[in-house]
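The values are calculated or read from the model by the stated rules, or taken from the named source; none is laboratory data. It should be emphasised that the depicted structure is a prediction, and the values quoted were computed from it without experimental measurement. Using ideal geometry, Cβ is built from the backbone for each residue, glycine included, and neighbour counts are taken over all protein chains shown.
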Amino acid sequence: MVQRLHIMGAAGSGVSTLGRAVAETRGWPYYDTDDFYWQPTDPPFRFKRPEEERLERLMDVILTSERWVLGGALDGWGDPLIGRFDLVVFLEAPTAERLRRLRARERKMFGERITTGGDMHEHHRRFLDYAENYEHGAITGGRCRARHEAWLDELSQPILRLDATRPTDELLRAVLAH
């Protein structure tokens with residue numbers, strides 16, 4: 001039985017949405033890798049925590065619970081946790097759909113701050129450029145498809161690939177049925 005679930009995919013593929021839905025349904029804690037990877041700042045996502053610190057923080061919560069859902073990218077820095085997963089879910093969605101979701105999410109979260117002249121406009125624009133290049137980005141950079149696929153190829157756990165354009169309740173049923 002799956003008790004430790006890792007969900008990953010490109011920005012805007014619905015990792016957090018599905019992860020929270022699974023966690024809520026099962027009554028398990030949900031952890032987002034961004035909360036461990038990035039130092040809290042305003043605007044967010046500006047400064048990375050040192051690798052040892054982020055891994056130590058994540059290990060502290062993962063090792064104290066028998067059941068959990070972890071959402072986000074771990075490739076590279078989170079490798080010591082690989083043996084702790086029972087199942088890895090990889091969400092896939094077309095670039096245009098992911099960018100639509102990201103624009104809506106950022107508008108909701110940051111409002112006028114991301115518009116031209118806002119204090120987060122340039123940060124927002126760079127983030128969308130980064131997300132748009134996921135499918136064709138270089139393997140040596142941040143999160144990209146080639147890097148994710150290479151990481152997934154190294155895993156021995158089952159990998160469930162899901163079409164993230166499907167409704168969340170349908171994705172949830174697929175995960176719970178696995």
Cβ pairs under 6 Å, 6+ apart, first in the stretch 103-119 and free of Cβ contacts under 8 Å to residues at least 12 places away in the same chain, second surrounded by 12 or more Cβ atoms within 10 Å (Cβ to Cβ) and assigned to a helix (DSSP H, G or I): Ile114/Glu106; Ile114/His121; Ile114/His124; Gly118/Glu112
Filter result (under 14 Å from the mean Cα position of the chain (by Cα) and within 16 Å of Arg26 (Cα to Cα)) within the stretch 58-82: Val69, Leu70, Gly71
Flag if Arg105 is within 15 Å of the chain's Cα centre (by Cα) and either buried (at least 17 other Cβ atoms within 10 Å of the Cβ) or assigned to a loop (DSSP other than H, G, I, E, B) (or both): no
Scan of the stretch 128-178 for residues that are closer than 22 Å to Trp77 by Cα, assigned to a loop (DSSP other than H, G, I, E, B), in contact (Cβ under 8 Å) with a residue 24 or more places away in the chain and hydrophobic (A, V, I, L, M, F, W, C), ordered by number: Leu155
In the stretch 53-83, the residues that are buried (at least 19 other Cβ atoms within 10 Å of the Cβ) and either small (Gly, Ala, Ser) or in contact with a Pro (Cβ under 8 Å, 6 or more places away or on another chain) (or both): Leu55, Trp68, Val69, Gly71, Gly72, Ala73, Gly78
Selection count, the stretch 51-105, where residues are of a type in the set (S, T, N, Q) and at pLDDT 90 or above: 1
Qualifying helices (runs of 4 or more DSSP H) (wholly inside the stretch 10-97; at least 2 residues being within 16 Å of Arg143 (Cα to Cα)): 15-26, 33-37
Evaluation of Tyr134 against (1) in contact with a Phe, Trp or Tyr (Cβ under 9 Å, 6 or more places away or on another chain); (2) surrounded by 18 or more Cβ atoms within 10 Å (Cβ to Cβ); (3) modelled with pLDDT of 90 or more; (4) not hydrophobic (A, V, I, L, M, F, W, C) (one fails), failing number: (1)
Residue within the stretch 106-126 that is out of contact with any Pro (no Cβ under 9 Å at 6 or more places or on another chain), of a type in the set (S, T, N, Q) and modelled with pLDDT of 90 or more present: yes
